[in-house]
Amino acid sequence: MSQPAVPDRSDVIAMLATFGDRDADAVAEGIGSLELTWLITKVEERYDVTLDLSDEAMHQMSTVSGAVTVLHDVLAGSGHG
């Protein structure tokens with residue numbers, strides 16, 4: 001089964017859940033700095049990309065919804081969408 005072109009909300013939550021080995025239900029909307037670093041690493045590994053994110057994009061990724069939006073924009077723009 002191939003990976004989706006860009007991560008959706010459930011994908012982002014699932015990747016965040018692996019930080020601290022927790023259930024997806026335990027993932028809060030807000031994303032802390034360590035969680036964000038973890039998420040970026042997971043996305044880079046999963047999609048075989050290197051993300052070069054602006055400070056504005058990083059700030060927007062402080063929530064799950066924001067992360068989904070930024071990742072969609074960045075990955076779709078790099079030919080993954």
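The values are calculated or read from the model by the stated rules, or taken from the named source; none is laboratory data. Because the structure is predicted, anything quoted here is derived from the model rather than measured. Neighbour counts run over all protein chains shown; Cβ positions are idealised from the backbone, glycine included.
Looking at (1) assigned to a helix (DSSP H, G or I); (2) surrounded by 10 or more Cβ atoms within 10 Å (Cβ to Cβ); (3) without any contact (Cβ under 8 Å) to a residue 12 or more places away in the chain, can you tell me which one Leu34 breaks?
(3)
Could you tell me which residue of segment 37-59 is surrounded by the fewest Cβ atoms within 10 Å (Cβ to Cβ), considering only residues that are hydroxyl-bearing (Ser, Thr, Tyr) and without any contact (Cβ under 8 Å) to a residue 24 or more places away in the chain? Even if it seems obvious, please write down each step before you answer.
If we filter segment 37-59 for residues that are hydroxyl-bearing (Ser, Thr, Tyr), which is where we start, we get 37, 41, 47, 50, 54.
Checking which are without any contact (Cβ under 8 Å) to a residue 24 or more places away in the chain leaves us with 37, 41, 50, 54.
Values: Thr37: 12, Thr41: 13, Thr50: 8, Ser54: 10.
Filtering segment 37-59 for residues that are hydroxyl-bearing (Ser, Thr, Tyr) and without any contact (Cβ under 8 Å) to a residue 24 or more places away in the chain, the one surrounded by the fewest Cβ atoms within 10 Å (Cβ to Cβ) comes out as Thr50.
Does Gly77 meet the test of being assigned to a helix (DSSP H, G or I), modelled with pLDDT of 95 or more and not polar (S, T, N, Q)?
Values: assigned to a helix (DSSP H, G or I): yes; modelled with pLDDT of 95 or more: no; not polar (S, T, N, Q): yes.
So Gly77 fails the test.
Check off (1) surrounded by 13 or more Cβ atoms within 10 Å (Cβ to Cβ); (2) in contact (Cβ under 8 Å) with a residue 24 or more places away in the chain; (3) under 17 Å from Asp8 (Cβ atoms) for Ser62 and give me the number that stays unchecked.
(3) is the only condition that Ser62 fails.
Identify all residues within segment 1-27 that are farther than 14 Å from Val68 by Cα, free of Cβ contacts under 8 Å to residues at least 12 places away in the same chain and assigned to a loop (DSSP other than H, G, I, E, B); write none if there are none.
Met1, Ser2, Gly20, Asp21, Arg22, Asp23
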